[in-house]
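The values are calculated or read from the model by the stated rules, or taken from the named source; none is laboratory data. No experiment lies behind these values; they were computed from the predicted model shown. Here Cβ is always computed from backbone atoms with ideal geometry, including for glycine, and neighbour counts include all displayed protein chains. Heavy atoms of the whole protein, side chains included, go into the accessibility calculation; ligands, DNA and RNA do not. Shrake-Rupley method; radii C 1.70, N 1.55, O 1.52, S 1.80 Å.
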Amino acid sequence: MNLYIVRHAIAVERGDPAYPWDDDRPLTPEGIHKFRLAARGLEKLEVRPERILSSPLIRARQTAEILRDAVRPDLEIGAVAVLGAKSVAVVGHEPHLSGFASYLLSGPSNTASLVFRKGAAALIGFPAEAAPGLGFLEWLIQPAALRRIAET
């Protein structure tokens, strides 16, 4: 199984008076633009998830939609069952994503230090089904590098 882990793109800053509730902060125009380019880099890397799951917060949902449009326009985004899927993308937030990735790579008693900048993506592979400590890091690519890949 392949698990793509994607951090949401650049969003409106926390504390912006236009968005008093953190959950309501959308992507900025710059975040949308930069992640569209990064998503093209993921498309060039042949990222083709069978499912895309997203946090319900607007900034993650917007990021998931951009990802879908670039790599699998035929997919719906949601919290659908992933049992049996060979390739899944998850879009969410820090520090949850790096903690989740660490758990998959090292198991419950160890930790791996990973940095997911806004718009970064990682691929964790598994020999069979996903389980704690059985994952191996194929790649972790920060957004600026994904944008450079898109340019090639």
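Which members of segment 99-114 meet the condition of being touching a helix residue (DSSP H, G or I) at 6+ places or on another chain (Cβ under 6 Å) and either open to solvent by 40 Å² or more (accessible area, probe 1.4 Å) or of a type in the set (S, T, Y) (or both)?
T111
Looking at segment 94-113, I want the residues that are free of Cβ contacts under 8 Å to residues at least 24 places away in the same chain and have a partner that is β-branched (V, I, T) with Cβ atoms under 8 Å, at least 6 apart or on another chain. Which pairs are those?
That search, which allows pairs on different chains as well, returns S98/V115; S102/T111.
Which is touching a residue at least 24 places away in the same chain (Cβ under 8 Å), of a type in the set (A, V, I, L, M), closer than 22 Å to G135 by Cβ and in contact with an Asp or Glu (Cβ under 9 Å, 6 or more places away or on another chain), of V71, V6?
Going through V71, V6 in turn, just one is touching a residue at least 24 places away in the same chain (Cβ under 8 Å), of a type in the set (A, V, I, L, M), closer than 22 Å to G135 by Cβ and in contact with an Asp or Glu (Cβ under 9 Å, 6 or more places away or on another chain): V71.
Scan (1) open to solvent by less than 70 Å² (accessible area, probe 1.4 Å); (2) closer than 22 Å to T152 by Cβ for the single condition H33 breaks and write down its number.
(1)
Take A70 and decide whether it is outside any loop (DSSP other than H, G, I, E, B) and either among the aliphatic types (A, V, I, L, M) or in contact with a strand residue (DSSP E or B) (Cβ under 9 Å, 6 or more places away or on another chain) (or both).
yes
Go through (1) over 16 Å from the mean Cα position of the chain (by Cα); (2) open to solvent by less than 70 Å² (accessible area, probe 1.4 Å) one by one and return the number of the condition I52 breaks.
(1)
I want to confirm something. Restricting to segment 120-138 and keeping residues that are part of a strand (DSSP E or B) and touching a residue at least 40 places away in the same chain (Cβ under 8 Å), which single residue is surrounded by the most Cβ atoms within 10 Å (Cβ to Cβ)?
Among residues in segment 120-138 that are part of a strand (DSSP E or B) and touching a residue at least 40 places away in the same chain (Cβ under 8 Å), the one surrounded by the most Cβ atoms within 10 Å (Cβ to Cβ) is A121.
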